[in-house]
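The values are calculated or read from the model by the stated rules, or taken from the named source; none is laboratory data. Please read these numbers as outputs of a predicted model, since none were measured by experiment. Note that we place each Cβ from the backbone using ideal geometry, even for glycine, and neighbour counts take in every protein chain shown.
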Amino acid sequence: MGNLGLHDIAVECGTDKVSHKYPLLYEKYFESLRHKPIRILEIGVKYGQSLKLWERYFTKAEIYGIDRVRNCEKYKSVRTRIFIGNQSDVIFLDQVIKSIGDKLDIIIDDGGHQMVEQQTSLQVLFPNLNSGGIYVIEDLHTSYRETHNGGFHLETTTIEFLKTFFDSINFRFHKNKSSYMDGKLFSFHMYESICFLFKR
């Protein structure tokens, strides 16, 4: 078990991340952190498979989960704590931050995938990453779906908002206000339906 890669563990845990090929990308960015005492927060607990994945992969991590469904509390464990609330509720997210007490190393948004949910969570939680921390937004294809208040080139989508980060990364060269990420974002890596943002 200890020698399994993230993809193989994800298959055993039954997480739907496998169908999106996310584990192959996650291992690229997470492997160096696997045996370190990090803190990881994932939005979206559902049936607990992802939390089980992180428990098995990150051997020394403190793990936190957020979900709006109270029944998800049953997936807590010795190393995993669950918070029940809405990821678009700023007051709730602030309470989560205060309850955790320390900055996080990884935040993964696999929550409701609505535009307001993704963007509110990013704005509130990104500052609570450690320097060099990683913020991941999954299922960005919802930016193109009307069911999630998305649409191609619709200005209010998360995809369109992420495009402004090119200016934020290069903020020191132009000094113009482009987004709340100005001077805070080191890089972001975009793949099909998923984005990795690295804090400066």
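I need a count of the residues in region 1-56 that are under 16 Å from the mean Cα position of the chain (by Cα) and of a type in the set (S, T, N, Q).
So the answer is 3.
Condition (residue is among the hydroxyl-bearing types (S, T, Y) and touching a strand residue (DSSP E or B) at 6+ places or on another chain (Cβ under 7 Å)) applied to region 8-17: is it met by at least one residue? Outline the logic, then answer.
Just the residues of region 8-17 that are among the hydroxyl-bearing types (S, T, Y), to begin with: 15.
Subsequent filtering for residues that are touching a strand residue (DSSP E or B) at 6+ places or on another chain (Cβ under 7 Å) retains none.
Checked against the condition, which is being among the hydroxyl-bearing types (S, T, Y) and touching a strand residue (DSSP E or B) at 6+ places or on another chain (Cβ under 7 Å), region 8-17 yields no hits at all.
For (1) over 18 Å from the mean Cα position of the chain (by Cα); (2) buried (at least 19 other Cβ atoms within 10 Å of the Cβ), each residue gets a yes or a no:
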| position | (1), (2) |
| --- | --- |
| F126 | no, no |
| G132 | no, no |
| N149 | yes, no |
| F152 | yes, no |
| K177 | yes, no |
| I194 | no, yes |
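Before we move on, is I91 among the aliphatic types (A, V, I, L, M), surrounded by fewer than 21 Cβ atoms within 10 Å (Cβ to Cβ), in contact (Cβ under 8 Å) with a residue 60 or more places away in the chain and over 24 Å from S19 (Cα atoms)?
Details: among the aliphatic types (A, V, I, L, M): yes; surrounded by fewer than 21 Cβ atoms within 10 Å (Cβ to Cβ): yes; in contact (Cβ under 8 Å) with a residue 60 or more places away in the chain: no; over 24 Å from S19 (Cα atoms): yes.
Taking the combined requirement at face value, the residue does not satisfy it.
Any residue in region 181-199 that is under 21 Å from K17 (Cα atoms) sitting within a Cβ distance under 6 Å of a residue that is polar (S, T, N, Q) and part of a loop (DSSP other than H, G, I, E, B)? List the pairs, counting only those 6 or more apart or interchain.
Listed by first residue and then by second, the contacts come to nothing, as the list is empty.
Since K184 meets every condition but one in (1) under 25 Å from E55 (Cα atoms); (2) in contact with a Lys or Arg (Cβ under 7 Å, 6 or more places away or on another chain), which condition does it not meet?
Only one criterion in (1) under 25 Å from E55 (Cα atoms); (2) in contact with a Lys or Arg (Cβ under 7 Å, 6 or more places away or on another chain) is unmet by K184, namely (1).
Restricting to region 61-87, and then to whatever is part of a loop (DSSP other than H, G, I, E, B) and not aliphatic (A, V, I, L, M), can you tell me which residue is surrounded by the fewest Cβ atoms within 10 Å (Cβ to Cβ)?
Here is the first cut: in region 61-87, the residues part of a loop (DSSP other than H, G, I, E, B) are 61, 68-69, 76-79, 85-87.
The next check asks that each one be not aliphatic (A, V, I, L, M); those that pass are 68, 76-77, 79, 85-87.
On the way: R68: 18, K76: 17, S77: 12, R79: 15, G85: 15, N86: 17, Q87: 26.
For region 61-87, the residue satisfying everything is S77.
Collect the residues in region 71-88 that are among the aliphatic types (A, V, I, L, M) and either touching a residue at least 12 places away in the same chain (Cβ under 8 Å) or within 11 Å of G48 (Cα to Cα) (or both), keeping them in residue-number order.
Selection gives I82, I84.
For residues that are polar (S, T, N, Q) and assigned to a loop (DSSP other than H, G, I, E, B), scanning just region 5-60, find the one that is surrounded by the fewest Cβ atoms within 10 Å (Cβ to Cβ). Steps first, please.
Filtering region 5-60 down to residues polar (S, T, N, Q) leaves 15, 19, 32, 49-50, 59.
Those left that are additionally assigned to a loop (DSSP other than H, G, I, E, B): 15, 19, 59.
On the way: T15: 23, S19: 7, T59: 12.
Taking the candidates together, the pick is S19.
Would you pick out the residues in region 105-124 that are over 11 Å from the mean Cα position of the chain (by Cα) and either crowded, with 17+ Cβ neighbours inside 10 Å or of a type in the set (K, R) (or both)? Spell out how you get there, then give the answer.
Of region 105-124, the ones over 11 Å from the mean Cα position of the chain (by Cα) are 112-117, 119-120, 123-124.
Within region 105-124, G112, H113, Q114, M115, E117, Q119, T120, V124 qualify.
Restricting the first residue to region 14-42 and requiring it to be among the aromatic types (F, W, Y), which pairs with a second residue that is at pLDDT 95 or above meet a Cβ separation below 7 Å and a spacing of at least six or different chains?
Close Cβ pairs (under 7 Å, with a partner that is at pLDDT 95 or above) amount to Y22/E138; Y22/I194; Y26/L6; Y29/I134; Y29/F196; F30/L6.
Identify the residue in region 27-59 that is in contact with a strand residue (DSSP E or B) (Cβ under 8 Å, 6 or more places away or on another chain) and among the aromatic types (F, W, Y) and, among all such residues, is farthest from F83 (Cα to Cα).
The residue in question is Y29.
Out of all the residues in region 1-45, which are at pLDDT below 95 and either farther than 22 Å from E192 by Cα or basic (K, R) (or both)?
Hits for region 1-45 are M1, G2, N3, L4, K21.
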